[in-house]
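Okay, so here's the structure we're looking at.
What follows is calculated from the coordinates using simple rules that are stated; it is not laboratory data. Predicted model, so just to flag it, every value in this text is computed and none were measured.
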Amino acid sequence: MDGRLLLLLPTLILARTPIVTDDPYLDENSEGANNLEKQHGLSLKYYTKLREKLGRKLTAKEINDGYLKWAESMPQDAGNEQITKIREFVKHVGPILLDKPEYAHDGPMHIVLERCDEILQAQVHSEYMDSHPYIKGRILAGFAKEFMRKIEYFNREDILMPKDEL
């Protein structure tokens, strides 16, 4: 096999990996649309728990610095920087959303990706999720980015989840 083709193989695999966020044309019956709907509910649950813990709405500065800038700084390309952002997401969201304080501590990459998958409940093409960690990270990164953007929306619109659904 030509050596140049071997170098391109990871790029070809990543190019075919489905990323469902930031796509306004998703079919409402698609797997991606179902995952985005699930993300909406999970981010609302997180936001509601966070507000209860703080006892107030988030300030514009907290939203901008803690959520919007974080989402915008998520690298598009799979790699170490994207995994680092996923680690931050797990440490920030996991303890509040899942009531698991141990998620605030670092772990090996495969554990962090499992935790992120548990937080986001992203059930996407298992053949991709079981492959290289960077591929799994790329998929989860898109969901994490959308999750964090939703926090600004809930804060702006003053939306909270009913207590009986928490």
**Request:** Using only alpha carbon pairs under 8 Å that are at least six residues apart, calculate the relative contact order of the stretch 78-165 and give it in whole percent.
**Result:** 30 percent
**Fill in**
Cα-Cα pairs in the stretch 30-165 separated by more than 27 Å, as a whole percent of all pairs, come to 15 percent
